[in-house]
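The structure appears below as structure tokens.
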Amino acid sequence: MVRILIIFFALIISFSDASKAQPFSSEITLELSDSAHISVLTSAPWAEEAYAVFGHSAMRVYDPVYGIDIVFNYGLFDFNSPNFIYRFTAGETDYMVGAVSFKRYLPEYEYRGVAVHEQIINLTTAEKQKIWTFLLTNAEPENRVYRYNIFYNNCTTKLADIIEQNIDGKVIYPQDTKSQTIRNMLYEHINKQPWLMFGIDLVIGSGADKPITIREKIFLPAYEMDIFDQSHILNSDGTTKPLVLKKNLILEDTNSDIISENNFISSPLFVGLILLAISVLVSIYGYKKKRAICTAYDFILFLTAGIGGCIIFFMMFFSVHPCTNPNWNIVWLNPLQFIFAFLFFAKSLSKCVYYYHFINFAVLIVFLLAWCLIPQQLEIAFIPIILAIALRSGMRVLQYKKLKQKAG
């Protein structure tokens with residue numbers, strides 16, 4: 001179940017771009033010419049690595065008169081910062097903005113072979129200067145760090161915030177014609193990576209299944225680009241103008257390798273079915289013959305499930321990550337499994353373990369029967385795993401009663 005954290009970490013750094021961090025130089029003119037423009041760069045998703053499956057966004061400032069061509073990237077973080085792993089798990093990750101020349105920004109995307117789109121924002125000279133000044137100030141060492149939030153304050157949403165806060169008018173977003181949830185939107189990008197979907201569905205709770213607004217959809221780079229294309233600026237005099245003045249294709253998509261659907265044999269559902277099959281075989285063998293193999297198997301099964309439960313419990317009640325509480329997966333993956341896994345070897349506590357298995361079996365069966373009523377979208381691959389755990393709890397109850405009858 002440590003894989004849960006690894007997958008969730010991959011999800012978070014999907015909106016990051018740590019490789020481009022570099023010190024910001026303040027030796028740049030504070031004034032822009034009338035020829036300058038400010039644009040949003042959107043790189044397409046790259047399916048080869050989990051950290052790039054959602055693409056990336058950054059803000060470019062280009063001024064041919066003063067030779068300025070800088071990209072401001074809000075997706076940087078420092079692995080070496082104090083207590084990084086704990087802070088990451090608790091959702092207290094600090095990200096920062098960094099500046100890099102446009103020429104140094106593109107090579108990574110050229111290597112990936114993904115498209116990079118540029119949207120030149122329809123700004124007045126005064127608004128360009130205001131955003132430029134904001135970016136310069138924000139990129140200074142004392143200002144560059146911000147508290148990251150994967151869905152509501154990431155490297156993509158920051159760009160929309162900057163535009164909204166530094167224009168004289170108001171951004172009018174298009175009418176939302178499609179009801180979507182955060183989970184639905186994530187699925188669109190990872191539908192060919194079942195293990196990533198499996199991990200996300202484990203750690204993200206029912207909060208990800210609520211419809212979100214058109215503005216909230218901007219957390220994904222591709223959605224921000226499409227929404228910006230349809231948005232307008234309402235000026236103070238009541239007139240409107242398109243938010244995007246011009247759109248350029250900086251890099252074409254040259255990645256001809258298409259990631260095919262994962263083989264069923266390597267999918268979470270298949271692994272779950274194998275686990276269920278092993279649980280059935282162990283149950284049959286253990287009930288008819290010796291219990292030793294059952295105890296060893298149950299220890300591994302419930303210990304692993306308990307570790308997963310501890311992670312989910314921590315993220316629900318001790319982290320500030322969005323959409324992790326409530327999480328109905330805590331019903332079948334809970335910290336009690338970790339504790340009781342060690343009690344399986346204590347004969348003096350066999351009655352206590354019996355009651356635990358009886359309650360656990362009943363809860364899991366009710367959970368499965370109420371599957372469609374649970375206000376959270378659950379992964380179908382969870383079902384065989386839940387059945388495997390329920391089966392072992394049920395067999396433990398039967399074995400306890402069998403021993404009691406013999407003793408009587």
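The values are calculated or read from the model by the stated rules, or taken from the named source; none is laboratory data. Remember, predicted model here, so these are calculated numbers, not experimental data. Here the Cβ is made from the backbone with ideal geometry for all residues, glycine too, and neighbour counts use every protein chain on show. The protein model used for the area step is the full one, side chains on, heavy atoms only, and it has no ligands, DNA or RNA in it. Shrake-Rupley method; radii C 1.70, N 1.55, O 1.52, S 1.80 Å.
Structure data summary
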read-out: Residue under evaluation Glu110, criteria (1) in a helix (DSSP H, G or I); (2) open to solvent by less than 40 Å² (accessible area, probe 1.4 Å), criterion not met; value: (2)
read-out: Restricting region 59-94 to residues that are of a type in the set (A, V, I, L, M, F, W, C) and in a helix (DSSP H, G or I), the residue that is surrounded by the fewest Cβ atoms within 10 Å (Cβ to Cβ); value: Ile85
read-out: Matching residues, region 171-219, being closer than 19 Å to Asp161 by Cβ, among the aromatic types (Phe, Trp, Tyr) and open to solvent by 10 Å² or more (accessible area, probe 1.4 Å); value: Tyr173
read-out: Among (1) assigned to a loop (DSSP other than H, G, I, E, B); (2) open to solvent by 70 Å² or more (accessible area, probe 1.4 Å), the one test that Phe342 misses; value: (1)
read-out: Residue within region 321-340 that is at pLDDT below 95 and either among the small types (Gly, Ala, Ser) or in contact with an Asp or Glu (Cβ under 8 Å, 6 or more places away or on another chain) (or both) present; value: no
read-out: Selected residue (criterion: farthest from Pro384 (Cα to Cα)) from residues of region 257-305 that are of a type in the set (Gly, Ala, Ser) and at pLDDT 95 or above; value: Ala305
read-out: Residue satisfying all of: in region 371-389; of a type in the set (A, V, I, L, M, F, W, C) and outside any helix (DSSP H, G or I); farthest from the chain's Cα centre (by Cα) among these; value: Ile374
